[in-house]
Amino acid sequence: MVSRQTIGFWLEATMHSYTQVFFSKNKVLGLLLLTTTFFDLTLGLTGLLAVVIANLLALGLGFDKTYIREGSYGFNALLVGLGLGLFYEPNTAFFVLLAVAMLITVLVTIAVSGVLAKYGLPYLSIPFLVGLWSVLLAARGFEALGLSQKGVYLLNELYASGEDWLVNTYHWFNTTNIPGPVLIYLKSLGAILFQFNALSGVVMAIGLLIYSRIAFSLSLLSFLVAYYFYWFIGADIDALGYSYIGFNFILSGIALGSFFLVPSKTTYFWSFALIPAMVVLTAAVSSVFTLVQLGIYSLPFNIVVLTFLYVLKLRLNPNAKPEEVRVQLYSPEKNLYERLSNSKRYANFKWQAIGLPFFGEWWVSQGHNGAYTHKGAWQQAWDFVIVDEEGQQYRNRGDFREDYYCYDKPVLAPADGTIEEVLRGVEDNTIGDANLHQNWGNTLVIKHGYQLYSQLSHLKDDSIKVKKGDTVKKGDVIAHCGNSGRSPYPHLHFQIQPTPYIGSKTMPYPLSTYLVRENGRLQFTFFAYPQEKTTLKSVETNRLMTSAFHFIPGRTLTFAVDDGRQATHVTWEVKSDIFNHRYLYCHDSGAKAYFVNDGTLHYFTLFEGPRDSLLYYFFIAAYKVLLGYYHKLQIQEQYPLYLLANNGLRLLHDFTAPFFQYMKAHYELAYLTIDDDLSPTKITLAARAQVRLFTKIHRETRFTFEIEDSRFALFAVEVNQQKITARCVE
């Protein structure tokens, strides 16, 4: 007996083979596309059979089920099957040829994807073109194949189906006073699935609108730009409508404006700007293909999109606009909202995390482009000292090195690395003196990565604990603060540089995960540049917090959940995927919550699954958590909007989102109570998630954590006047 899992696999693989035509995984769109192909029963069956054969071939060849499930091998096969079903009458010879065509298409799909993947490029519909052209050219000598008359007597075919409403609807859409450009847009949209009528275009447009407002707007606007450019240059737009190649403009608008590139004003501009080039290319290629009596189909779309994406990869500035989608979520809106959130959340994540090189609180006595020595090519550096409550760096009169609070304090490795250079043996200066001959004093240079080094200078004589070539971990004590070199008073000089030499030119580089004290309160800072005359504090983790959030693969957490109506048990398991990305998996709902834990900070990155599950609420509540306890500390963050805003509220906003946003999703975490600072047994945190419409709070969800005995003793949710409580029973 076929298992439910197997049935689910084939249903998804089939449905995604339809949705991938529009770069989507939306099931509603897939159902509407499938329905559209069955406006002609024979055509619909041919397309469906082609998908099944192609996926069976991919499975038989041993390719990853994940890609088969996503429709990666099926959508080109679908297009080939629809095309052949349109041109030829179904008979024994046809079905044999269909199977051969599927083998060609699948092999070309695998081969082309392997070649283009080296350049980070998609294969688009190249396998469809090769598969269909091969059969059309070869079949001219196959006498067993009969040419189809489909489309010639379409109304008779529809009438024969016995559905009068279908005939009437088709007749209305093709005779009513729909504006010419819109009518040709609908026919061109339908032509993507070899349906040459406006009714098919309407159904597909509805599916496209449900899938993505951004993709829908780009499909229509890109086509209208092409339509009016044809009119402007005096070309025969009726010929465009007759040959049904207008879908090239539709697909290129969606691909470049919203799928492969993050939707923005820039992507809209380039989607439209490339249309004239595609018009010229379409006319030129059509002239050549006419000689061999072949249609060009989606060839212009493939050429323009692949060329443009390849050109973008040659840019020297990786942050230049338009911006490529880094993690594909198969939704233009999700891609956009993730980018808007991550541009702030991960603004400097292209760099390795480098933290503060000390314990406790220090004061920035000189920052970038400082008043004394941080000038010119060495301006991106910091000098750190310790000051008391009155702002003094020393006790007594400060006549001796030992009077300075920072003198002889431990200096830490700011990140994992290898000791690249060591300079030792420089005596500490008396207060007020400076050694100009040995400017940097006792110094360490640590290699953290390619063209990434940190330098710590003016260290105490005889305090360096490492030698060249040693491996160090973040937080290791490697020396002590001193007063050597050009240092009239004890301080720690710290800089980031691209080369391994002592005294190298500096480069701008943000420091990660520290606290800033302002007006007596601590403010958490993730990646930023410490400013002069500010007090910084390195993060000290809390045992209860680190234990509670110590999610290692194999760990399970079981919660007793009460939502006021029923009591249930929910179990989560910590897992990791083939890319070593860790996530929490809910056995009850199938939800996944991906996360990162660097030992100091826990933060969630991606959620998959139902939005009413306990894991979803935990994902929202623990979106970013510092693993130390600081009373009344608040952590704020911006969610991707799609995580919180319901679809109805977000519909209109989706249309404007590439240009401006008037809705935002806001996260805030507060550290409320701890029962004992020295030996804590219980910590309470509170979080809230808000959807803000302009400046007004539209919706708010509140959360409470109680961490006790190194576990989540209580997790409570208040949403829509309902309270959900979950107690960990692991």
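Here are the numbers for the structure shown:
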read-out	value
Selection count where residues are free of Cβ contacts under 8 Å to residues at least 12 places away in the same chain, of a type in the set (Gly, Ala, Ser) and not in a helix (DSSP H, G or I), scope region 17-68	1
So residue 330, is it surrounded by 13 or more Cβ atoms within 10 Å (Cβ to Cβ), part of a helix (DSSP H, G or I) and not aliphatic (A, V, I, L, M)	no
Qualifying residue in region 650-673 (condition: farther than 24 Å from residue 516 by Cα, at pLDDT 90 or above, touching a His at 6+ places or on another chain (Cβ under 9 Å) and part of a strand (DSSP E or B))	yes
Sole residue being loosely packed, with under 15 Cβ neighbours inside 10 Å and more than 28 Å from the chain's Cα centre (by Cα), chosen from 108, 96, 115, 80	96
Test result for residue 376, small (Gly, Ala, Ser), surrounded by fewer than 13 Cβ atoms within 10 Å (Cβ to Cβ) and touching a Phe, Trp or Tyr at 6+ places or on another chain (Cβ under 8 Å)	no
Given (1) farther than 27 Å from residue 323 by Cβ; (2) modelled with pLDDT under 90, index of the condition residue 645 fails	(1)
One residue from 81, 62, 47, 74 being out of contact with any Gly (no Cβ under 9 Å at 6 or more places or on another chain) and under 23 Å from residue 26 (Cβ atoms)	74
Members of region 425-470 that are of a type in the set (S, T, N, Q) and within 14 Å of residue 495 (Cα to Cα)	443, 451, 454, 455, 457
Only listed residue being assigned to a strand (DSSP E or B) and among the acidic types (Asp, Glu), chosen from 421, 389, 402	421
Of the criteria (1) assigned to a loop (DSSP other than H, G, I, E, B); (2) crowded, with 21+ Cβ neighbours inside 10 Å, which one residue 679 fails	(2)
Residues of region 493-517 classified as under 13 Å from residue 454 (Cβ atoms) and in contact with a helix residue (DSSP H, G or I) (Cβ under 6 Å, 6 or more places away or on another chain), total	1
Residues that are without any contact (Cβ under 8 Å) to a residue 40 or more places away in the chain, in a strand (DSSP E or B) and surrounded by fewer than 21 Cβ atoms within 10 Å (Cβ to Cβ), drawn from region 587-599	592, 594, 596
Residue in region 229-243 that is assigned to a helix (DSSP H, G or I), at pLDDT below 95, within 25 Å of residue 23 (Cβ to Cβ) and hydrophobic (A, V, I, L, M, F, W, C) present	yes
Subset tally (residues that are within 11 Å of residue 536 (Cα to Cα), crowded, with 19+ Cβ neighbours inside 10 Å and within 35 Å of the chain's Cα centre (by Cα)) for region 358-373	1
Top-ranked residue in region 261-288 [being loosely packed, with under 15 Cβ neighbours inside 10 Å and either outside the structural domain of residue 313 (by TED's automatic domain parsing) or free of Cβ contacts under 8 Å to residues at least 24 places away in the same chain (or both); ranked as nearest to residue 327 (Cα to Cα)]	269
Residue in region 559-570 that is of a type in the set (Phe, Trp, Tyr) and under 24 Å from residue 665 (Cα atoms) present	no
Members of region 600-647 that are part of a loop (DSSP other than H, G, I, E, B) and touching a Ser or Thr at 6+ places or on another chain (Cβ under 7 Å)	600, 609, 610, 613, 627, 628, 640
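Rundown of residues vs (1) of a type in the set (Gly, Ala, Ser); (2) touching a residue at least 24 places away in the same chain (Cβ under 8 Å); (3) surrounded by 16 or more Cβ atoms within 10 Å (Cβ to Cβ), yes/no style:
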residue	(1), (2), (3)
482	yes, yes, yes
496	no, yes, yes
504	yes, yes, yes
509	no, yes, yes
520	yes, no, no
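Rundown of residues vs (1) modelled with pLDDT of 95 or more; (2) aliphatic (A, V, I, L, M); (3) closer than 16 Å to residue 72 by Cβ, yes/no style:
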site	(1), (2), (3)
103	yes, yes, no
107	yes, yes, yes
119	no, no, no
129	yes, yes, no
136	no, yes, no
141	no, no, no
144	no, yes, no
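The values are calculated or read from the model by the stated rules, or taken from the named source; none is laboratory data. Only a predicted model underlies this, so the values are computations on that prediction, with no experimental measurement involved. Note: ideal-geometry Cβ built from the backbone for every residue, glycine included; neighbour counts use all protein chains shown.
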